[in-house]
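A quick write-up on the structure given underneath.
Read the figures in this text as sums done on the coordinates, not as results from a lab. From a predicted model like this one, the values you see are computed outputs, not experimental measurements. Note: ideal-geometry Cβ built from the backbone for every residue, glycine included; neighbour counts use all protein chains shown.
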Amino acid sequence: YKCLRLLLGDQLNNKHSWFQDVDHSTVYVIAELPQEMDYASHHIQKIQAFFLAMQHMADSLTASGHHVLHLTLDETTEYTDLPELLTALITRFQCQRFEYQQPDELRLHQQLDDFCQQLSIATVCVDGEHFIVPFNDLPQYFTRDKNGRLETFYRKLRKKHQILMEDEEKPEGGKWNFDKANRDKLKPNDITELPQPLLFDNDISDINQRLARHKVKSIGVGRDSLLWPVTRKQSLQLLDFFCTHCLPNFGRFQDAMTCQADDLVDQKQWSLYHSRLSFALNSKIISPLEVIECAITHYRSSDVINIAQIEGFVRQILGWREFVRGIYWTHMPEYAQRNHLNASQSLPGWFWNGETKMNCLHHAISQSLEYGYAHHIQRLMVTGNFCMIAGIDPDEVDAWYLGIYVDAIEWVEMPNTRGMSQYADGGIVGSKAYAASGNYINKMSDYCLHCHYQVKEKTSENACPLNSLYWHFMTQHREQFERNPRVGMVYRNWDNQPDENQQAVLDKAKQLLIDIEQL
Ligand code: FAD
Ligand code: SF4
């Protein structure tokens, strides 16, 4: 072969221009790599999903006439890392050119950059053709010295791509943001109406045997079959299911949480009205623009999807997903070291098994272990909030999030975790720390009804731990947050409390932090 083209496990975009023509002098390499098993403690379903999706990508390219070398762990285990494997393949095939797509993770970007520096043959790095903003255009939107906000970025992209616009400048529906219409709690009646999620039944017996043979370490619950979409066909099916059954209520219940839905006979409604498209998107099987276009087509022909629902969905993909990627590439590698609030507690052991008496955390963590999935508010306001107000070291928080979710890849995981959820970046991603007491969880979920702790209590023996931890956190960082107009007023409530009440709350929090493993 004259040319070797590498496809990483999260570069499964078979619409890439590489594949327009079949060139028999090019070989495509898709390889399961030991180095990718070790950099985090991955959820078993995440490994299964990537391996199976890679296998299907190889099969689909082969069926289109391309020459593909799909290597499993059995064939790659003898190589210490990706460069060593590539060197062996380039020598074996006597290639004169090495081509790859821009990796989305700095670790792989640097590894391949270094590899190319020492190669004596020609090398080419091309855009992955997945994101709405091409890699080389990122500096047009992001600069290191000025923190742009999601809202400005999102509006620019709405205008540039004329998405949900009435005329060139005016947003459809007269407003850019319908967040206020998107804060409903699920009432018991709403819970019985939740759609049963579309789950797949993918055979992973070969992969499971391979993982056992190579003693691959993982976390979470493994299954005999994989419920995540791993082909374009399945991903488009899930997209269609979402647009038909979930989009009509997506925005409305976007922030809602429930532990009731799991109890209904044979129904597993852990994803509520969320799309569960993040794995299909992050592995690049489907593209963000096609997801947005499909959702808008449904909206246009439906009388049950209103503007607040479709705008809420478009904002997540056109807005947040592209935005956090820009933040990642603009601020790495320093971003990975940021610890603005000097948080240093260890992550409690129960994050790895869900065994805590706090029902909100027990539920969000157990569900994550069970499915490799939790929806955004569970990640942000349950697990993320706890870690922030308990002052957990952001390195440990990042490591947990990077492993546990099927969609977890550093470019999207880290700005969400370290930035949005922990405020460890000092306000680059969000303008405020998303800190909350039990009151918020109680407002948005039914978790507190079934909890060992009392959500209305602050200092009693069974008081909800989040209440005192919240005030401990807020007073500890008062100087930082007081000046923020979105947060400042909470301190007035605090100041109105008698000194002894304040002291009792802070003492309670200190004791909880000592007893954190027993919560
Ligand atoms: P939906 O609610 O249906 O949203 C649709 C799509 O919008 C998602 O598939 C996703 O592609 C995109 N999206 C929504 N919110 C965000 C966001 N904040 N950032 C980027 N994209 C977004 N998302 C990941 O893809 N990988 C991660 O590793 C990841 N880690 C997170 C860690 C924390 C602490 C938090 C707070 C959020 C994290 N997110 C991550 C963002 C978000 O929670 C997930 O994208 C979402 O829950 C995936 O489920 P879904 O496909 O059902 O999403
Ligand atoms: Fe969570 Fe507190 Fe509610 Fe229990 S009472 S579920 S710990 S918020």
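For the range 411-514, the relative contact order comes to 19 percent (Cα pairs under 8 Å, sequence separation of at least 6). In order along the range 438-447, the Karplus-derived 3J(HN,Hα) couplings, from 6.51 cos²θ - 1.76 cosθ + 1.60 at θ = phi - 60°, round to x, 3, 5, 4, 5, 5, 9, 8, 10, 4 Hz, and Gly and Pro are given as x. Working from label points 7 Å from Cα in the Cα-to-Cβ sense, the Asp23 to Leu289 distance is 2.3 nm. Charge dipole (Cα centre; +1 on Lys/Arg Cβ, -1 on Asp/Glu Cβ; no other charges) of the range 3-126 amounts to roughly 300 debye. Projecting the Cα atoms of Asn496, Gly427, Thr459 onto the charge dipole of the chain, computed from C-beta unit charges around the Cα centre, puts Asn496 farthest toward the positive end. Per the Debye formula on identical point scatterers at the alpha carbon atoms of the range 54-211, with no solvent, log10 I(q)/I(0) at q = 0.08, 0.13, 0.14 Å⁻¹ is -0.50, -1.01, -1.06. Centroid-to-centroid, using Cα positions, the range 40-93 and the range 231-254 are 30 Å apart.
For Glu168 and Met489 in the same chain, what is the full-extension length gain: residue separation times 0.36 nm, less their Cα-Cα distance, in nm?
On the way: separation 321, 0.36 × 321 = 115.56 nm, distance 3.87 nm.
Going from the current span to full extension adds 111.7 nm.
Separation of the alpha carbons by more than 28 angstrom is noted, of Lys443/Lys510; Lys180/Lys284; Lys46/Lys156; Lys146/Lys170; Lys185/Lys508; Lys432/Lys458, for Lys180/Lys284; Lys46/Lys156; Lys185/Lys508. A cut-off of 5 Å between modelled amide H atoms, ignoring neighbours fewer than 5 places along the same chain, links Leu71 with Ile30, Ala31, Glu32.
Between the helical axis of 44-63 and the longest alpha-carbon principal axis of the chain there is an angle of about 30 degrees.
Per-residue counts of other Cβ atoms within 10 Å, averaged by peptide: what ranking do you get for 388-398, 223-233, 187-197, 202-212, highest first? Mind dumping the intermediate values first?
Working: 388-398: 21.7, 223-233: 19.5, 187-197: 14.3, 202-212: 15.9.
My ranking of the peptides, most packed first, is 388-398, 223-233, 202-212, 187-197.
Helix 465-476 and the longest principal axis of the C-alpha atoms of the chain enclose an angle of approximately 90°.
Taking every pair of alpha-carbon atoms in the range 349-518, give the share separated by more than 20 Å as a whole percent. Write down the numbers at each step before the final one.
Numbers: 7282 of 14365 pairs.
Value for the range 349-518 (Cα pairs over 20 Å): 51 percent.
For the peptides 439-448, 105-114, the ranking by packing is 439-448, 105-114, with the highest mean count of neighbouring Cβ atoms within 10 Å listed first.
Just how large is the dipole of the chain about the Cα centre, in debye to the nearest 20, putting +1 at every Lys and Arg Cβ and -1 at every Asp and Glu Cβ?
Values: 50 positive and 67 negative charges, 226 e Å.
Roughly 1080 debye for the chain.
In summary, the aspartates and glutamates within cross-link reach of Lys160, defined as a Cα separation below 12 angstrom excluding same-chain residues under 8 places away, comprise Glu168, Glu169.
At a threshold of 8 angstrom on Cα-Cα distance, excluding pairs fewer than six apart, so keeping six or more, what relative contact order does the chain reach in percent?
Working: 814 pairs, mean separation 83.9, N = 519.
Dividing the mean separation by the residue count of the chain yields 16 percent.
Where the centre of each part is set by its Cα atoms, how far does the range 304-372 sit from the range 445-511, in angstrom? Value for the Cα centre distance between the two parts: 23 Å.
What is the sum of charges, Lys and Arg at +1 and Asp and Glu at -1, for the other residues whose Cβ falls under 15 Å from the Cβ of Trp176? It would help to have the intermediate numbers written out before the result.
Numbers: positive: Arg149, Arg155, Lys156, Arg158, Lys159, Lys160, Lys170, Lys175, Lys180, Arg315; negative: Glu151, Glu166, Asp167, Glu168, Glu169, Glu172, Asp179, Glu311.
That works out to +2.
Relative to the dominant Cα principal axis of the chain, helix 106-117 is inclined by about 30°. Computed over the alpha-carbon pairs of the range 3-126, the distance histogram in 10 Å steps reads 12, 46, 36, 5 percent, short to long.
Given the DSSP H assignment, sum -39500 (n - 2.57) over each helix run of at least 4 residues in the chain and divide by its residue total; what's the result at 222 nm in deg cm²/dmol, nearest 500?
On the way: 23 runs with 207 residues, N = 519.
Mean residue ellipticity, 222 nm, calculated: -11500 deg cm²/dmol.
The antiparallel fraction among DSSP beta bridges confined to the chain stands at about 10%.
Give me the extension gain from Gln209 to Ser431: residue separation times 0.36 nm, minus the current Cα-Cα distance, reported in nm with one decimal. The partial results should precede the final answer.
Numbers: separation 222, 0.36 × 222 = 79.92 nm, distance 4.70 nm.
So the extension gain works out to 75.2 nm.
The percentage of C-alpha pairs in the chain whose separation is greater than 28 Å is 57%. Within straight-line reach of Lys175, meaning a Cα separation under 14 Å, sit the following aspartates and glutamates at least 8 residues removed in sequence or on another chain: Glu151, Glu166, Asp167, Glu311.
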